[in-house]
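Right, one structure below, let's go through it.
Just so you know, all these numbers are worked out from the coordinates, no wet-lab data involved. This is a predicted model, so every value here is computed, not measured. Here Cβ is always computed from backbone atoms with ideal geometry, including for glycine, and neighbour counts include all displayed protein chains.
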Amino acid sequence: MVVEEKQNPLGYEKISTLVRKMAIPAIVANVVNALYNIVDQIFIGQGVGYLGNAATNIAFPITTICMAIGLMVGIGAASNFNLALGRKEDKHAREVAGTAVVLLLTAGLMIMSIVLLFLQPLLNLFGATDQILGYASEYAGITALGIPFFMFSIGFNPLVRADGRATYSMMAIIIGALLNTVLDPLFIFGFNMGIAGAAWATVISQIVSALVLVAYIPRFRSVHFEKGDFKLSFEDVKVIASLGLTSFIFQISATIVQITSNNLLRTYGAQSVYGSDIPIAVGGVVSKIFVIFIAVVIGLNQGAQPILGFNYGAKKYSRVHETMNLLLKVTVILSTILWILFEAFPLQLIQMFGSGDALYYEFGVRYARAFLFFTFINGTTIIVTTFFPAIGKAKLGAILSLTRQMFVLLPVMILLATSFGVDGLIFAGPISDFISFIICITVYIHQMRKIPKVDELLV
């Protein structure tokens, strides 16, 4: 019995070593993955101007919808995969991974088709102005072709990490991102392709990343796949969806909030000295800066997820407590460092994404400082929210995800915008962040008291 357990280091290796080994590659992979859109924005801003940045902001809900489904499948499958391994159910673990692969490819093709068929109505819904629509249509129409590959990469990466190969998953993303960074200036400036060049660079890079991950399937260490594993099991789909629901809700809620924000910025920006296009462009730039922070925290959580899932499944509760305590300490430190950076250098960060006039920079600095003000506590909120699905408590994770985006931020944003115009929108984010933090911490402390601090023998 002891020998069997020690076959999987998740059950016995030092927690700090495991977190470092698995979280660092996940953080790097997520940050690099976030750079896909950020690099596009930087080169588009330099080559096209802030209207190009505004266009990518308008098109970004398509990306977040794809991420929502991809992360739901990937994180849900990885959680189920690790729980199954912890319970020594290897066949079930294989079937879960196989179902995830088929589901990701099917969903990717469906979303690509919908976007291409209804592109202009979707962009109008997302808040496009007349000046922005042409750029947004060109960019989104091309990047839609990469959706199946992008979703596969997003969703399959957590399974590779769940297999203990975090470094491989990181390299798959890095290869794609480096290629994107090389192709962006080549296509935009070298071939004078403008915003279309950035789009094609993204698609090509996504295809390469996906192919690198496909090559890993026969190289899994914890299980050995058979052809019959790659089919849709509706029982597994239900479990995957439930365990990945928190990530899905987080991304979809963020999408709804972004669409609402774009439309509110368009409406109330027009009533201000800034006009509609500047607030939309700035909103996009600041959200991309925030994505870096999200990528770091989510990467930290993804690195810890296999540790939490396996040990909870194996009833090694002391290791669950130890992992979370370490995770929260590291999150507070990283969040504080990034908060200092965001608050000290907002102008410099905005200038990276292209030039604008005095009004553009004025609004950019005000918006960035306010929007990013509670970065130092946001990390804790995200870690707590995504902890519960890792141990199979999907409903609780989903409720907490909805709390921040839908129950707090959305109504606060609408209320402040209608009361104070575009200035109200600037302060909606930090107010919502603080309220959500208090709620999440209260729930977390209450729930952790229910998890024993001593291990139980797995029968």
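List of remarks:
- Cα centroid separation - segment 66-142 against segment 173-204, whole Å: 22
- Kirkwood hydrodynamic radius (C-alpha pairs) into Stokes-Einstein, segment 244-283, 37 °C and 0.692 mPa s, D in µm²/s: 302
- Alpha-carbon Debye profile of segment 99-139, log10 I(q)/I(0) at 0.19 Å⁻¹: -0.61
- Residues in segment 342-373 reached by a label modelled at Phe434 [backbone nitrogen below 14 Å; 7 Å Cα→Cβ]: 370-373
- Greater than 19 Å apart at Cα, pairs in Lys14/Lys329; Lys393/Lys450; Lys14/Lys393; Lys91/Lys227; Lys316/Lys450; Lys88/Lys316: Lys14/Lys393
- Charge dipole of the chain (Cα centre as origin; +1 on each Lys and Arg Cβ, -1 on each Asp and Glu Cβ, all else neutral): 1380 debye, rounded to the nearest 20.
- Only Cα pairs under 8 Å and 6+ residues apart enter the sum, and on that basis the relative contact order of segment 2-448 stands at 25 percent.
- With the simple model of a label 7 Å out from the Cα in the direction of the Cβ, Leu347 to Arg219 spans 4.8 nm.
- Under 5 Å between amide hydrogens, built in the peptide plane, is the criterion, and for Arg87 it picks out nothing among residues at least 5 positions away or on other chains.
- Under the criterion of Cα pairs below 8 Å and six or more residues apart, the relative contact order for segment 9-151 equals 29 percent.
- Volume in Å³ per residue [convex hull over Cα atoms, computed for the chain]: 124
- Pairwise FRET efficiency - Lys91 versus Ala358, Cβ, R0 = 41 Å, nearest 0.05: 0.05
- Shape of segment 1-100, Cα gyration tensor, a/c cut at 1.5: oblate
- Pair Ile24, Leu109: separation of 7 Å Cα→Cβ label points (nm): 4.1
- Extension gain (nm, one decimal) between Val365 and Leu133, 0.36 nm per residue minus Cα-Cα: 81.0 nm
- Leu232-Lys393 pseudo-label distance in nm [points 7 Å out on the Cα-to-Cβ vector]: 3.3
- Sorting Ile259, Ile383 from the fewest to the most surrounding beta carbons within 10 angstrom yields Ile259, Ile383.
- Kirkwood's formula applied to the C-alpha pairs of segment 190-254 gives a hydrodynamic radius of 15.8 angstrom.
- Amide hydrogen proximity for Gly244: with H placed 1.01 Å from N in the peptide plane, the residues at 5 or more positions away or on another chain lying under 5 Å are Gly76.
- In the distance distribution for segment 97-230, Cα-Cα pairs more than 24 Å apart total 40 percent.
- Under 5 Å between amide hydrogens, built in the peptide plane, is the criterion, and for Ile391 it picks out nothing among residues at least 5 positions away or on other chains.
- A Förster distance of 41 Å, applied to the separation of the beta-carbon atoms of Asp455 and Ile256, puts the FRET efficiency at 0.50.
- FRET efficiency for the pair Ile445 and Lys315, taken as 1/(1 + (r/R0)^6) with r the Cβ-Cβ distance and R0 = 22 Å, rounds to 0.50.
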